[in-house]
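Below: the structure, in structure tokens.
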């Protein structure tokens, strides 16, 4: 996989330009999936537990649950990484069983992504982090930083 080419193609398809807000990224993902997206901090999660954020695909909406961090930029990166997985269409693995007796209420895509977090060097994880970095750079370039980012993370 040519990760840089994949990421540049994804950035181009988002059509956000060179500078954009966190809100605009969230809106672009909602347009892409045609589903509402909610971002929630779960104080019970912490960075030392190994799971910084996870995307939960529900019937009516998608939810990104993220850990608390003292760094606003770090929390933003948690969320951008999860959004990058959505943008890059990661998660639809035909090898994942549709039912799991141990975790029956967790969708297969979410189960696979939680359990795959130990393989941080996989092409999917690297591509998601690279795309998240590109998105973070565009947000930093944005003159208008007052957005849902501050409302969520502020």
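Here are some notes:
- Selection within region 57-74 - at pLDDT 85 or above and within 25 Å of residue 89 (Cβ to Cβ): 60, 61, 62, 63, 64, 65, 66, 67
- Of all the residues in region 21-38, those that are modelled with pLDDT under 95 and in a loop (DSSP other than H, G, I, E, B) number 3.
- The sole residue among 130, 79 that is in contact with a strand residue (DSSP E or B) (Cβ under 6 Å, 6 or more places away or on another chain), buried (at least 16 other Cβ atoms within 10 Å of the Cβ), modelled with pLDDT of 85 or more and in a helix (DSSP H, G or I) is 79.
- Set 41, 61: member being over 18 Å from residue 86 (Cβ atoms) and either in contact with a strand residue (DSSP E or B) (Cβ under 6 Å, 6 or more places away or on another chain) or surrounded by 12 or more Cβ atoms within 10 Å (Cβ to Cβ) (or both): 41
- The residues of region 52-94 that are at positive phi and either touching a residue at least 24 places away in the same chain (Cβ under 8 Å) or in contact with a helix residue (DSSP H, G or I) (Cβ under 7 Å, 6 or more places away or on another chain) (or both) amount to a single one, 91.
- Looking across region 39-59, the residues that are over 22 Å from residue 138 (Cβ atoms) and either in a loop (DSSP other than H, G, I, E, B) or over 17 Å from the mean Cα position of the chain (by Cα) (or both) come down to 43, 44, 48, 49, 50, 51, 58, 59.
The values are calculated or read from the model by the stated rules, or taken from the named source; none is laboratory data. None of the values given here were measured: they were computed from a predicted structure. Every residue, glycine as well, gets a Cβ built from its backbone with ideal geometry; the counts of neighbours run over all protein chains shown.
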